[in-house]
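Notes follow the structure.
The values are calculated or read from the model by the stated rules, or taken from the named source; none is laboratory data. Note that the structure is a prediction, hence the values are computed from the model and not measured. A quick note on method: Cβ atoms are made from the backbone with ideal geometry, for glycine too, and the neighbour counts reach across all protein chains shown. To get the accessible areas, we keep the full protein, side chains included, count just its heavy atoms, and leave off ligands, DNA and RNA. Shrake-Rupley method; radii C 1.70, N 1.55, O 1.52, S 1.80 Å.
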Amino acid sequence: MSTLRGVGIGLGAASGPVARMAEALPAPTKQSSSIGTDAERSRARDAINTVAADLQQRADAVTGTAREVLEAQAMIAEDPTLQEEIDARLDEGTTAEWAVHDAFAGFRATLEAVGGYLGERAADLDDIAQRVLARLRGVAAPGVPDPGHPFVLVARDLAPADTALLNLDRVLALVTTDGGPTSHTAILAREKGIVAVVGAAGAAHLTDGQTVIVDAATGIVDDAPTEDEVASVQERQAARDTTEAEPTAGALADGTPVALLANLGKPGDAADAVARGAEGVGLFRTEFLFLSASQAPTIAQQRESYIELLQAFAGRKVVVRLLDAGADKPLAFLNDAHEGNPALGLRGLRALRASEDILREQLTALAEADAATSADLWVMAPMVTTVEETAYFTGLAREFGVKTAGVMVEVPASALLADRVLAHADFASIGTNDLTQYTMAADRLLGSVAGFQDPWHPAVLRLVREVGSAGERHGKPVGICGEAAADPLLAVVLVGLGATSLSMAPAALADVRRALAMHTRDAARTLADAALGADDAIGAREAARAASHPF
Ligand code: PEP
Ligand code: MG
């Protein structure tokens with residue numbers, strides 16, 4: 001047996017044939033044609049028509065965003081202006097490869113110069129150009145493969161555009177050679193509950209059609225499994241699916257309850273969360289309802305959405321976060337100023353406070369929805385930085401009859417003063433995505449610094465410990481609602497640091513539930529101490545894994 005090691009996402013395992021994501025083709029050099037302009041023109045036309053027809057065929061087979069993306073690409077491929085540009089280059093006597101490459105590059109530069117939505121479409125042009133080039137060269141098209149049967153996708157890493165086109169029903173597992181536990185691939189895998197091992201450098205030698213076992217629980221990819229091993233993985237998955245069908249409440253091995261809650265962005269997702277055993281909602285991102293709105297939503301509009309959400313969780317806890325505007329979640333009606341550094345700008349509670357009428361309207365809508373339903377509504381403010389802001393928000397929320405008012409701890413300042421913050425707030429919920437961004441001084445949206453954006457970093461864990469200890473001293477709940485809660489081993493560490501509930505994408509609940517059930521409170525504390533003692537994120541993960549017998 002030969003094994004490759006990476007970082008597993010979740011606890012699942014799967015086996016199946018590999019389909020590799022083909023690498024980008026090298027750009028052609030400018031060359032004169034040896035077969036003549038007419039022959040080159042017909043090669044170019046044929047390649048473009050075939051690619052457009054293929055994109056259209058793939059669009060017809062899917063729905064939603066994927067269909068829109070593919071249809072738009074099919075149209076771009078046959079765009080008459082682009083054809084003219086290609087013809088102009090062919091008339092100079094160049095090869096079809098060069099004409100296509102250079103015309104697409106020119107078109108790309110024009111779109112980028114326009115900026116905005118069109119600028120963002122520039123990457124789509126690269127994808128089409130690569131497909132046409134591949135056709136001209138007679139090689140496999142780069143990008144997401146479609147072998148026509150279920151497969152284990154092996155890639156360097158997945159870009160957001162790749163994942164939009166991925167037919168998840170066909171993907172048995174994901175394996176990447178690059179990318180870490182916070183990469184786009186890892187986030188997609190957690191959200192959709194796909195078995196994944198990321199950062200397995202050795203996977204570079206896997207070939208199409210080769211059967212592998214991908215075991216996320218151990219982070220191992222077995223590239224030469226026996227039939228018995230494949231059968232045992234399939235049995236393990238079947239057993240896992242059966243336990244997932246009847247989820248129990250979250251608890252440690254010694255019976256200590258740890259509520260497992262869902263992160264939701266729209267009320268329509270509630271049914272799936274309930275089916276997966278969410279004990280309530282730990283983060284309802286209200287701004288997701290209004291991201292494209294140019295005006296503030298009315299009280300009536302909001303009330304309707306909140307009632308729908310609260311009704312789905314009758315008798316259970318629902319933590320609603322007030323509108324979180326700024327940086328990665330722009331809301332023009334709360335802040336449309338151009339800021340040099342929006343992540344450090346007028347955002348979260350700062351923006352709400354600057355438009356207090358909108359804040360008051362949201363609290364009114366929530367109070368009305370609460371009165372009309374029987375869920376246990378908790379309300380929290382985003383991006384709270386100071387004790388004064390905490391007192392301001394909780395005071396105002398209580399004026400509106402909010403019974404449980406808390407704050408999100410996403411900034412080191414509020415984590416460091418958590419004991420004083422919790423003197424005012426009824427609870428804290430740690431947003432580890434932003435807390436990591438601000439602790440590590442690394443923009444969470446910027447690929448070039450993604451390596452810093454790892455919540456396993458002991459500096460982030462120390463801040464979580466501050467909040468957890470403050471919660472224990474005040475006897476107040478401390479939840480976690482960032483991506484970190486969806487990582488089963490890190491979830492145990494977070495509980496060891498004092499978290500009393502964990503909220504995550506519903507697909508991640510089952511694995512986190514299993515990980516908690518394998519550890520006592522003492523074991524969780526031991527893991528937390530091991531992680532805190534490390535120098536960096538990789539060391540912390542390794543130390544926790546070594547201290548955890550089941551992992
Ligand atoms: C966070 O920052 O961790 C969080 C949960 O909030 P969001 O991801 O919506 O910023
Ligand atoms: Mg946040």
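Which members of region 342-362 meet the condition of being within 16 Å of ligand 2 (Cβ to nearest atom), on the phi < 0 side of the Ramachandran plot and either assigned to a loop (DSSP other than H, G, I, E, B) or among the acidic types (Asp, Glu) (or both)?
Going residue by residue through region 342-362, those that are within 16 Å of ligand 2 (Cβ to nearest atom) are 342-352.
Those still in the list that are on the phi < 0 side of the Ramachandran plot too: 342-347, 349-352.
The answer is GLY345, LEU346, ARG347.
Could you tell me whether LEU416 is without any contact (Cβ under 8 Å) to a residue 60 or more places away in the chain, away from ligand 2 (no atom under 15 Å from the Cβ) and not hydroxyl-bearing (Ser, Thr, Tyr)? Break it down stepwise before answering.
Working: without any contact (Cβ under 8 Å) to a residue 60 or more places away in the chain: yes; away from ligand 2 (no atom under 15 Å from the Cβ): yes; not hydroxyl-bearing (Ser, Thr, Tyr): yes.
Yes: the conditions hold for LEU416.
Kindly check whether there is at least one residue in region 193-210 that is outside any strand (DSSP E or B), polar (S, T, N, Q) and at pLDDT 85 or above.
Start the filter on region 193-210 by keeping residues that are outside any strand (DSSP E or B), which leaves 193-194, 199-210.
Filter once more, so that each one left must be polar (S, T, N, Q): 207, 210.
Among the residues that remain, those that are also at pLDDT 85 or above are: 207, 210.
Yes, region 193-210 contains at least one residue that is outside any strand (DSSP E or B), polar (S, T, N, Q) and at pLDDT 85 or above.
Right, THR256: in contact (Cβ under 8 Å) with a residue 12 or more places away in the chain, hydroxyl-bearing (Ser, Thr, Tyr) and either within 16 Å of ligand 2 (Cβ to nearest atom) or surrounded by 20 or more Cβ atoms within 10 Å (Cβ to Cβ) (or both) or not? Walk me through it before giving the result.
Values: in contact (Cβ under 8 Å) with a residue 12 or more places away in the chain: yes; hydroxyl-bearing (Ser, Thr, Tyr): yes; either within 16 Å of ligand 2 (Cβ to nearest atom) or surrounded by 20 or more Cβ atoms within 10 Å (Cβ to Cβ) (or both): no.
No; evaluated as a whole, the condition is false for this residue.
Considering ASP357, ASP336, ASP370, ASP376, which residue is open to solvent by 20 Å² or more (accessible area, probe 1.4 Å) and under 26 Å from the mean Cα position of the chain (by Cα)? If you could, list the steps in order and put the result at the bottom.
Values: ASP357 fails: under 26 Å from the mean Cα position of the chain (by Cα); ASP370 fails: under 26 Å from the mean Cα position of the chain (by Cα); ASP376 fails: under 26 Å from the mean Cα position of the chain (by Cα).
Among ASP357, ASP336, ASP370, ASP376, only ASP336 is open to solvent by 20 Å² or more (accessible area, probe 1.4 Å) and under 26 Å from the mean Cα position of the chain (by Cα).
Regarding region 380-391, can at least one residue be identified that is farther than 17 Å from ILE430 by Cβ, open to solvent by 10 Å² or more (accessible area, probe 1.4 Å) and more than 16 Å from ligand 2 (Cβ to nearest atom)? Walk me through it before giving the result.
Filtering region 380-391 down to residues farther than 17 Å from ILE430 by Cβ leaves 388, 391.
Restricting the remaining residues to those that are open to solvent by 10 Å² or more (accessible area, probe 1.4 Å) gives 388, 391.
Next, only the ones that are more than 16 Å from ligand 2 (Cβ to nearest atom) stay: 388, 391.
Yes.
Of these, LEU206, LEU166, LEU158, which one is open to solvent by less than 20 Å² (accessible area, probe 1.4 Å), touching a strand residue (DSSP E or B) at 6+ places or on another chain (Cβ under 8 Å), more than 20 Å from GLY10 (Cα to Cα) and not assigned by TED's automatic domain parsing to the domain that holds GLY539? Spell out how you get there, then give the answer.
Values: LEU166 fails: more than 20 Å from GLY10 (Cα to Cα); LEU158 fails: more than 20 Å from GLY10 (Cα to Cα).
Just one listed residue meets the conditions, LEU206.
In this structure, does ARG45 turn out to be open to solvent by 60 Å² or more (accessible area, probe 1.4 Å), among the basic types (Lys, Arg), outside the structural domain of THR182 (by TED's automatic domain parsing) and in a helix (DSSP H, G or I)? It would help to see each step written out before you state the result.
Values: open to solvent by 60 Å² or more (accessible area, probe 1.4 Å): yes; among the basic types (Lys, Arg): yes; outside the structural domain of THR182 (by TED's automatic domain parsing): yes; in a helix (DSSP H, G or I): yes.
Yes.
Inspect region 35-52 for any residue being touching a residue at least 40 places away in the same chain (Cβ under 8 Å) and more than 18 Å from HIS101 (Cβ to Cβ) and give the result as yes or no.
no
Which of (1) in a loop (DSSP other than H, G, I, E, B); (2) away from ligand 1 (no atom under 13 Å from the Cβ) does ALA365 not meet, given it meets every other one?
Unmet for ALA365, out of (1) in a loop (DSSP other than H, G, I, E, B); (2) away from ligand 1 (no atom under 13 Å from the Cβ): (1).
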